[in-house]
Structures are given as structure tokens and as C-alpha cells.
Amino acid sequence: MSETAQSNHTEKKDFLVRSSSLKDVRTFCREVFEKLQIEQNLKDELVLAIAEAAQNIVKHAYKDDPQTDDKMVVQISCKDNKLQIGFYDMGTPVDPNKVKHREIDNVKPGGLGTFFIQEIMDAVEFKDGKKPWINHLVLTKQL
Amino acid sequence: MSYKVDEIDNKRVVHLNGEIDMEVSDKARNTILPLIEAGHEVQINLSKVDYMDSSGISVLIESKKLSEQKKTKFELIEVSKPVEKVLAMARKFL
């Protein structure tokens, strides 16, 4: 494991798919970004983007199963100054074509959260989840 | 998140404290909206909020809209730097 953003570094952690886990997701991210020596301003933005993506899993992929005992995995990798954050969950399959901002008069957390993610990250990509995962979201950012 | 509400004549100053995310946004909503619904002028003091996500921003937007409907005054005061940053990003969306 390296100590700087210039080298390779990967960490992952699983979390219960609950809104009460979002604070733990943020703590995990802050700890990893601290090790990567990412500056405070960018760190705050990245933590927000990751927390919004995790929130979307709770709110949308598990909309019909709020008391689930399923876990989601957040994986943060940094290679050659490129940050990649993977999210894995076993909830309802996400249709990437339906993931977009809401209209202005209908601002709800999902729409605004997705906007934040897209503003902060360079790329947002839904990949096919490999078993046992259903959804696999990848956010990337060049450091 | 914790909060306290100061009462000054018809004004209610809601002091929010801590991190405001999906887990606690309903608590914030259920604190603020009834004050506006009751016709109070409402100020939200955000000086001690060190993190706010889209759930928290949505509560502020709902509050603003309700205050416009009720023709009451609603404002944010002493906005912390982390919240100001998120608000600035949200303004691009709005």
C-alpha cells in the first residue's frame, strides 16, 4: 500500500445498505483520502460525490427493501494519479438511461445528488455487476 | 444532527449543528417546515453545520418554497464554508 496519490493504492469496505451507514461511508472515504494526501477542498467534494452515490443505492436500489441486511461495497483505488471509486450492490437493477437530473421544479435528493456526482467526477459509468453483485457503478477522477 | 430554536417575537432562529444527510434530513424538515407553516419568519443558522448533502439542500429548498407560499420571510444566516460550497454547486442546478 502506498501513502501518496502518485502511487497505487486500493481499499474497500462493506456497509449495511441503510441511511445510518452513510456517516460510516464518509468516515471511510476521509480516512482513505487522508492516506492519499488529497487536499482538503477536493477531499470534501469527493466525499460528497461518494456519499451521494451510496445514498442513491439506499434510496433507489433498495427502495422496496429498507430493512435489508444486504451490504454494499465501496472500493477506492488510486493508480497513476487516477482515482476510481467502485460501488457494488445487490439491489434492484439500475437502468442507466433513467439516471438523470430531475426538472427544476421537482428537486429531490436523487436528482440533485446525481447532479453533484456529475459535477465533481470526470466520469460516471454503470457496468454489469458480476455475481453476486447486481449493480456496479464506477466513478473516476483524474487527480 | 442537533438543533435548538430561539424565539424572538414572530421570528424563529433554528440553529442546526453537525452533519445533515439523508439519515437526519427528515428531522430537520420536521423542525423547520411547521414553523413556516405556522406563519413565523424563519432564519436557519448554519454556522455549526460541517457537512450537508443533497438531502439537506432539498430541505432548504422546500422551506424556501413553503415560505413563498405562506408569504413569510425565510433566510439562511452564518452559512459555514462546507455548506456554502454545496449551496454554490446546487445553485448551478437550480
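The values are calculated or read from the model by the stated rules, or taken from the named source; none is laboratory data. Computed from a prediction, not measured in an experiment: that's the story for all the values here. Using ideal geometry, Cβ is built from the backbone for each residue, glycine included, and neighbour counts are taken over all protein chains shown.
Miscellaneous remarks
- Some residue of the stretch A:47-58 being over 12 Å from the mean Cα position of the chain (by Cα) and either modelled with pLDDT of 90 or more or assigned to a helix (DSSP H, G or I) (or both): no
- Hey, B:Glu19 of a type in the set (Asp, Glu) and farther than 21 Å from A:Asn56 by Cα or not: no
- Qualifying positions in the stretch A:10-33 - assigned to a strand (DSSP E or B) and under 20 Å from B:Ile20 (Cα atoms): A:Phe15, A:Leu16
- Residue in the stretch A:21-34 that is facing another protein chain (nearest Cβ under 9 Å) and more than 20 Å from A:Met90 (Cα to Cα) present: yes
- Subset of the stretch A:45-66 that is out of contact with any Ser or Thr (no Cβ under 8 Å at 6 or more places or on another chain) and buried (at least 20 other Cβ atoms within 10 Å of the Cβ) - its residue that is farthest from A:Thr10 (Cα to Cα): A:Ile57
- Positions within the stretch B:14-51 being among the hydrophobic types (A, V, I, L, M, F, W, C) and either in contact (Cβ under 8 Å) with a residue 60 or more places away in the chain or exposed (fewer than 14 other Cβ atoms within 10 Å of the Cβ) (or both), in sequence order: B:Ala38
- In the stretch B:26-35, the residues that are closer than 9 Å to B:Met1 by Cα and more than 9 Å from the chain's Cα centre (by Cα): B:Lys27
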